[in-house]
Structures are given as C-alpha cells and as structure tokens.
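Single-structure report; data block below.
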Amino acid sequence: MRKLLLFALLLVCFNGDSASANQDDAEVLSPELPPARPIPGINVEDDHPNACVDCHKNNPEQNMDARFSTWIKDWQDGAPEELVEKAKKAAPKGMKIKGEHPKVKADLTTAKIPDNCLECHAERPKNKKKAGPPFARLVHLVHLTGGEDNHFMTYYQGQCTYCHKLDQDTGHWSLGSGTEAEVARKQKEKKKEEKK
C-alpha cells in the first residue's frame with residue numbers, strides 16, 4: 001500500500017512537470033498561423049464583379065483595347081495562332097477549328113459576357129452547327145497556362161474569383177457576367193472622380 005501511495009505521489013509530481021514541458025513543446029511545434037490571404041469576393045471586396053468585362057476593357061493609357069467587341073471583330077479575319085492552338089486543344093473530337101471567329105449577331109458592347117458567349121461555347125450547344133470550343137475548357141487553357149508569359153497569371157495572379165463568384169449564403173458558384181457598356185460607364189465615372 002505504501003508503495004502504491006509513493007508511486008501515486010511521484011506520478012503527480014512528475015506528471016505536472018511533464019505537462020508543462022509538453023505545453024512548451026506544443027508552443028514550439030505549433031507556430032502561429034499566417035493570416036488568410038485576401039481572396040476577392042470571399043474575404044475582401046470583389047473589384048471584378050462582372051468577371052470577363054472587368055478585365056477585358058479598353059485601356060487607352062496602356063494602348064491596349066482588350067474588349068471582346070474589338071477582338072471578335074478582329075478575329076473574323078483570323079485569330080492569333082496561339083489562341084487557335086488553344087481552341088483546338090479545347091475542342092471536342094471531330095470539331096473543326098478554322099482559325100476565324102464567325103460573325104456575332106449581338107451587339108457585344110451591350111450583350112452580357114460571358115452569358116452571351118455560352119450560347120455557342122456551351123459544353124452541349126443547342127445548335128451544333130454554330131458550336132465553338134466549350135467555354136470552360138477554352139477559358140481555363142487561355143488563362144491558366146503559359147506561366148510567366150500569361151498576363152492573367154502574372155498581372156492578375158491567376159485569381160479564380162475574378163471569374164468564379166461564390167454565394168456565401170448557399171455555397172453556389174456561378175460566373176460573373178456584365179456588359180462592356182457598364183464597364184465603360186464606370187471607367188468614365190472613375191476618371192471624373194479622380195479629376196475632382
């Protein structure tokens with residue numbers, strides 16, 4: 001019985017020391033976590049709520065017109081070879097890619113982009129004669145390949161939420177969509193504000 005009591009006393013004494021030693025070890029082994037990285041639309045303001053058209057806009061100060069209305073018009077005479085190659089990779093088996101974008105009936109300055117694009121660039125388009133490479137495959141190849149040579153990867157850091165929008169109440173993901181006209185109006189308003 002005395003041995004049992006002595007053992008219990010020793011256990012309490014040494015256990016207290018080892019518990020504090022274990023706590024010290026835990027502090028050393030569990031460093032403080034870094035803060036969450038800023039993710040637009042998740043934990044910081046989304047300054048690209050209209051997705052495509054918020055990036056693909058006219059930037060006269062950079063001598064760069066990246067609007068789809070301009071590009072599609074140019075692509076009717078022939079698209080850049082690099083884009084054609086990516087379109088071929090994204091196209092389903094058997095789809096012929098000619099290297100030119102067909103004429104678009106809609107006024108692309110007022111059409112919702114990419115909503116309007118999905119009529120022809122759907123995974124399963126209603127009109128197969130007008131079908132182009134599926135939007136998701138083509139857009140991901142264009143935006144997320146090429147490393148340092150890809151403007152989206154360098155300037156925009158490949159930020160997924162510039163395109164993909166999370167409804168934080170439901171967990172539903174969607175694509176942002178907007179018009180070039182809306183973006184042009186916001187650009188004019190911003191310039192007026194900056195002049196004040």
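Here is the figure for region 41-62: residues that are within 23 Å of residue 101 (Cβ to Cβ) and exposed (fewer than 15 other Cβ atoms within 10 Å of the Cβ) total 1.
Considering every residue within region 70-91, establish whether at least one is among the aliphatic types (A, V, I, L, M) and loosely packed, with under 15 Cβ neighbours inside 10 Å.
For region 70-91, residues among the aliphatic types (A, V, I, L, M) and loosely packed, with under 15 Cβ neighbours inside 10 Å: absent.
Test residue 108 against the criterion of being aliphatic (A, V, I, L, M), part of a helix (DSSP H, G or I) and touching a residue at least 12 places away in the same chain (Cβ under 8 Å), and give yes or no. The answer is no for residue 108. When residue 148 is tested against (1) touching a helix residue (DSSP H, G or I) at 6+ places or on another chain (Cβ under 8 Å); (2) closer than 19 Å to residue 69 by Cβ; (3) of a type in the set (D, E, K, R), exactly one condition is not met: (2).
Here is the figure for region 145-155: residues that are surrounded by 10 or more Cβ atoms within 10 Å (Cβ to Cβ) and among the charged types (D, E, K, R) total 0. Just to be sure, is residue 103 touching a helix residue (DSSP H, G or I) at 6+ places or on another chain (Cβ under 8 Å), farther than 25 Å from residue 38 by Cβ and among the basic types (Lys, Arg)? Taking the combined requirement at face value, the residue does not satisfy it. Any residue at all in region 86-103 that is part of a helix (DSSP H, G or I), over 21 Å from the mean Cα position of the chain (by Cα) and at pLDDT 95 or above? Yes, there is a match, as at least one residue in region 86-103 is part of a helix (DSSP H, G or I), over 21 Å from the mean Cα position of the chain (by Cα) and at pLDDT 95 or above.
If you go through region 156-196 and keep only what is among the acidic types (Asp, Glu) and either surrounded by 14 or more Cβ atoms within 10 Å (Cβ to Cβ) or farther than 20 Å from residue 109 by Cβ (or both), you end up with 167, 169, 180, 182, 193, 194. Looking across region 81-128, the residues that are among the polar types (S, T, N, Q) and within 19 Å of residue 56 (Cα to Cα) come down to 109, 110, 116. The residue pairs whose first member lies in region 40-60 and is hydroxyl-bearing (Ser, Thr, Tyr), whose second member is surrounded by fewer than 19 Cβ atoms within 10 Å (Cβ to Cβ) and at pLDDT below 95, and whose beta carbons are closer than 8 Å, counting only pairs six or more residues apart or on different chains, do not exist in this structure.
The values are calculated or read from the model by the stated rules, or taken from the named source; none is laboratory data. From a predicted model like this one, the values you see are computed outputs, not experimental measurements. Positions of Cβ are generated from backbone atoms using ideal geometry, with glycine treated the same way; all protein chains shown enter the neighbour counts.
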